[in-house]
Each structure stands twice: as structure tokens, then as C-alpha cells.
Amino acid sequence: RCPMDAIISAKKQVHIIEQDKCIRCGACFAACPPQFSAITKLVGEAVPPPPPEGQRDVVKKGKEATA
């Protein structure tokens with residue numbers, strides 16, 4: 001739902017917001033269900049880099065792999 005196509009998304013993976021494309025319109029806040037609390041607005045902070053592509057899989061709580 002991003003008007004700038006700034007969100008990289010894949011099924012069962014963490015969605016990444018490309019900061020270079022983002023115009024900070026807030027559409028992602030409106031689209032993301034509030035129970036997920038997945039989007040955090042950072043003010044006055046450096047945006048941390050996204051996780052590497054091979055480490056974006058979503059793991060549900062209680063379903064973590066045990067060693």
C-alpha cells in the first residue's frame with residue numbers, strides 16, 4: 001500500500017522499508033494491523049540497516065528452533 005513502492009516484502013519474511021524511496025507519508029502505519037506493532041517511527045535517530053536478505057524469515061514466538 002506504499003505509494004512509492006518503498007516496501008520490500010515477501011511472504012513469511014520481515015518487510016523492509018527502503019529509506020531512499022520513502023516519502024514518510026504514513027501509509028504503512030495505516031496499513032499495518034496495530035496488533036503487530038511492526039512499524040516504529042524513529043525521530044532524530046539513525047535508521048538501523050535492515051537484516052541481511054538471508055536472515056529475514058519470520059519466526060513465531062514459541063516456534064523457535066532449538067539447538
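The values are calculated or read from the model by the stated rules, or taken from the named source; none is laboratory data. Since this is a predicted model, take the numbers as computed values, not measurements. Quick reminder, even Gly has a Cβ in these numbers, built from the backbone with ideal geometry, and neighbours come from all protein chains shown. Surface areas here come from the heavy atoms of the whole protein model, side chains and all, with no ligands, DNA or RNA. Shrake-Rupley method; radii C 1.70, N 1.55, O 1.52, S 1.80 Å.
Quick notes on this structure:
- Looking across region 17-59, the residues that are open to solvent by less than 90 Å² (accessible area, probe 1.4 Å), touching a strand residue (DSSP E or B) at 6+ places or on another chain (Cβ under 7 Å) and at pLDDT 85 or above come down to ILE17, GLU18, CYS28.
- Selection within region 1-16: residues that are open to solvent by less than 100 Å² (accessible area, probe 1.4 Å) and in a loop (DSSP other than H, G, I, E, B). The member of this set that is farthest from PRO52 (Cα to Cα) is PRO3.
- Where a residue in region 47-60 is part of a loop (DSSP other than H, G, I, E, B) and its partner, wherever it lies, is open to solvent by less than 90 Å² (accessible area, probe 1.4 Å) and of a type in the set (Lys, Arg), with Cβ under 8 Å and at least six apart: PRO50/ARG56
- Residue list for region 17-46, restricted to those being under 20 Å from ARG56 (Cα atoms), among the aliphatic types (A, V, I, L, M) and assigned to a loop (DSSP other than H, G, I, E, B): ALA38, ILE39
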